[in-house]
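Engineer: First the structure, then my questions, so here it is.
All of the numbers you see were taken from the coordinates with simple rules; none came from a lab. Keep in mind the model is a prediction, meaning the values are calculated, not measured. All Cβ positions, even for glycine, are placed from backbone atoms using ideal geometry, and neighbour counts span all protein chains on display.
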Amino acid sequence: MTAPSGLVRRGNTQRALKNHVFKWFCGLCAAISVVVLGILLTSLVMQGWEHLDWDFLRSAPSRKPKIAGIGPAMWGTIWICAACAIAALPLGVATAIFLEEYKPVKPPLRRLHSFLQLNISNLAGVPSIVYGILGLTAFVQMFGMIGNLNDPALTVGTPEDWYYFQLPFGRGVLAGGLTLMLVVLPIVIVSSQESLRAVPGSLREGALACGATRWQMVWRMTLPAAVPGIMTGSILAMSRAIGEAAPILVIAGIVFIRFTPHHLMDEFTAMPLQIYDWAGRPQEEFHKVAATGILVLLTILLAFNAFAVLIRQKFQRPLQ
Amino acid sequence: MFRMRTALAIAVIAVVASAALGAGHDYDRDLRGSVKIDGSSTVYPITEAVAEEFAKVCPRVRVTVGISGTGGGMKRFTVGETDISDASRPIKEKERKIAAENGIEFIEIPVAYDGISIVVNKSNTWVDQLSVDDLRKIFLDGSPVTTWRDVRADWPNVPISIYAPGTDSGTFDYFKDVVAGKTGAIRSDMSVSEDDNVLVRGVAGDRGGIGFFGCAYYFENKDKLRAIPIVNPETRRAVAPTPETIENGRYAPFSRPLFIYVSRKSAERPEVQALVKFYFEYGPELAEEVGYVRLPEIISLRAMVNFNDRMTGTQFLTMDGEKIHGPLLKIYRKLPVSVALGQ
């Protein structure tokens, strides 16, 4: 028999050492990512600062780096992201509510339910370029089933009108926005589900016990309680949408465009594409312009997040 | 300094050209509509410049210029998705057939020459000419050549250092296509820069240096570098790059004409007409500005007549769909194929 006290002491030292090492390891990992981000931002600011002015935001791209601007691309991004948000958020949240709050009881329906669930989780991991190709066939050409781009099956108004609409959509803002919707929809659904699941079951039971219908329960109890979480998920999803280049590249291509879209069918270019185009140009000066473009993109992203955080704070009330 | 000179030259030429062509500045500022252009990334800089300048005279016309490559652009053009297609080669028989099936008639317009100069240091007096085979020895990946003596035994034992444009550039692609073909690779131990000025300085300061870039850049730096005459594979005669030899096609295989193809149906629209007219009027000087060689006026005039008379078809294919080779000047004496066919 050995002295237990000695064992315990030695074990304690080892455990304390391990604890210490682990703490420093984690700290180091955190520091590395922050330092990398810092270096990235610093080099961007240093490269991009000189071109950053009001004119850069307003003017159109040009073959001369001195007067090149990001205006049309910025508006293109705003248009497609707005279209994406308007389409993706209601769809995503409603799907999440269906999957979480209306769980079926009968076995065949339950199987269907879990099948849906599995697929949505898997979709979140599909590379975005795949959605781009899907969007190209489904939205741009509509499988070639209803007319083609030269001879649309349905048109409303003329391309001069702000409400111009056509089927199939063509390579326009709406097709781009809906393609982005495909990319972000799984993220919105999964994160909304998570936050609905985090709402205590007692709230639901209480509501139902008071005689509320499921609709009343969802609308007055669970959804308001889950809004902060849903907002967080949606912010992340929209941030991803702003930065996506691959699916938009498939829909719009690299295009020289000097105008901002003025209807949903209008051709567009987005900021990631414009930045990609500039970064790939041979002139050194254009690489600086690309850095400026990235700065603007990051600023919009941060503004977007800040705005959403504000909304989240406003909605966040302690559960009573 | 060169910019001032070029700007002045451009201004003079613009005045002369507009007077000569009788085009004037009669663009309708209130013209509306949209023009869709797609295609070659080589032609893109010219079309981009034209579209940018055109926006100043017709600000309400919405011009979009895409980069899908010549083949990709043709795919969209031949189904009628675009109004104008940029192409760094003439249309292929296959593409013409697809266009015909879809009822797309087109007008072919050559817009500029693209040429590459191969340059060496001024003090390099030994290289009198190079053949494509010599260039393969120097530039191909895995080649054992490291000094000029390795290329030819009577050349001095000076190490070769290569200065090349970035692998992203169209110039590099074009050079690679000619020298290494579709499957080969260019060696990687080169000094690479996207900035042609760096290449000029590199070769100018290196006795054993060799480099290549767009001809326009060599013309501006003639006093610092020497361009090597390249052996024309067909005539077996060495030809130095000058605007003349590039124009008449003798400087081969490092020069090629660039085109735009205009859909006949789109050419009925006033905004497309205005843009094409603008392209004829300012295309040559803008092409020079972005580094290409302008076309001889006779070809531009011929193309303009073709466009005004809506003469559709290509001059580069026979009626049986065989390719026609040769310098642009010779080819552009005949009528386009579909006109000859009476289509």
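Engineer: Which numbered condition trips up B:Arg89, out of (1) of a type in the set (D, E, K, R); (2) surrounded by 24 or more Cβ atoms within 10 Å (Cβ to Cβ); (3) assigned to a loop (DSSP other than H, G, I, E, B)?
Structural biologist: (2)
Engineer: Any residue that is within 14 Å of another protein chain (Cβ to nearest Cβ), small (Gly, Ala, Ser) and touching a strand residue (DSSP E or B) at 6+ places or on another chain (Cβ under 6 Å) - is there at least one of those in segment B:258-276?
Structural biologist: Taking every residue of segment B:258-276 in turn, at least one turns out to be within 14 Å of another protein chain (Cβ to nearest Cβ), small (Gly, Ala, Ser) and touching a strand residue (DSSP E or B) at 6+ places or on another chain (Cβ under 6 Å).
Engineer: Further, regarding this structure: Just the residues that are over 19 Å from the mean Cα position of the chain (by Cα) and within 14 Å of chain A (Cβ to nearest Cβ), please, taken from segment B:170-194.
Structural biologist: B:Val192, B:Ser193
Engineer: Could you check B:Thr82 against (1) away from chain A (no Cβ under 14 Å); (2) more than 22 Å from B:Lys176 (Cβ to Cβ) and say which number it fails?
Structural biologist: (1)
Engineer: For segment A:268-276, indicate whether the set of residues that are without any contact (Cβ under 8 Å) to a residue 40 or more places away in the chain, within 13 Å of chain B (Cβ to nearest Cβ) and of a type in the set (A, V, I, L, M, F, W, C) is non-empty.
Structural biologist: Within segment A:268-276, none of the residues are without any contact (Cβ under 8 Å) to a residue 40 or more places away in the chain, within 13 Å of chain B (Cβ to nearest Cβ) and of a type in the set (A, V, I, L, M, F, W, C).
Engineer: A further question follows. Among the residues that make up segment A:282-291, is at least one of them within 11 Å of chain B (Cβ to nearest Cβ), acidic (Asp, Glu) and without any contact (Cβ under 8 Å) to a residue 40 or more places away in the chain?
Structural biologist: Yes; the residues of segment A:282-291 include at least one that is within 11 Å of chain B (Cβ to nearest Cβ), acidic (Asp, Glu) and without any contact (Cβ under 8 Å) to a residue 40 or more places away in the chain.
Yes/no per residue for (1) among the acidic types (Asp, Glu); (2) within 25 Å of B:Asp28 (Cβ to Cβ); (3) touching a Pro at 6+ places or on another chain (Cβ under 7 Å):
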site	(1), (2), (3)
B:Ala51	no, yes, no
B:Lys56	no, yes, no
B:Val61	no, yes, no
B:Arg76	no, no, no
B:Glu81	yes, no, no
B:Ala100	no, no, no
B:Gly115	no, no, yes
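Engineer: Might you check whether a residue that is buried (at least 20 other Cβ atoms within 10 Å of the Cβ) and in contact (Cβ under 8 Å) with a residue 24 or more places away in the chain occurs anywhere in segment A:138-145?
Structural biologist: For segment A:138-145, residues buried (at least 20 other Cβ atoms within 10 Å of the Cβ) and in contact (Cβ under 8 Å) with a residue 24 or more places away in the chain: present.
Engineer: A follow-up question, please. Working only within segment B:179-191, note down all residues that are touching a strand residue (DSSP E or B) at 6+ places or on another chain (Cβ under 8 Å) and either buried (at least 16 other Cβ atoms within 10 Å of the Cβ) or in a loop (DSSP other than H, G, I, E, B) (or both).
Structural biologist: B:Val179, B:Ala180, B:Gly184, B:Ala185, B:Ile186, B:Arg187, B:Asp189, B:Met190
Engineer: Report, by residue number, each residue of segment A:42-77 that is in a helix (DSSP H, G or I), without any contact (Cβ under 8 Å) to a residue 24 or more places away in the chain, surrounded by 13 or more Cβ atoms within 10 Å (Cβ to Cβ) and within 27 Å of the chain's Cα centre (by Cα).
Structural biologist: Listed by number, the list is empty, since nothing qualifies.
Engineer: On to the next question. What number of residues within segment B:93-148 satisfy the criterion of being assigned to a loop (DSSP other than H, G, I, E, B), crowded, with 16+ Cβ neighbours inside 10 Å and under 26 Å from the mean Cα position of the chain (by Cα)?
Structural biologist: 2
Engineer: Within segment B:250-284, which residues are aliphatic (A, V, I, L, M) and outside any helix (DSSP H, G or I)?
Structural biologist: Listed by number, the residues that qualify are B:Ala252, B:Leu258, B:Ile260, B:Val262.
Engineer: Identify all residues within segment A:149-181 that are more than 14 Å from every other protein chain (Cβ to nearest Cβ), part of a loop (DSSP other than H, G, I, E, B) and over 30 Å from the mean Cα position of the chain (by Cα); write none if there are none.
Structural biologist: Those that are more than 14 Å from every other protein chain (Cβ to nearest Cβ), part of a loop (DSSP other than H, G, I, E, B) and over 30 Å from the mean Cα position of the chain (by Cα): A:Ala153, A:Gly157.
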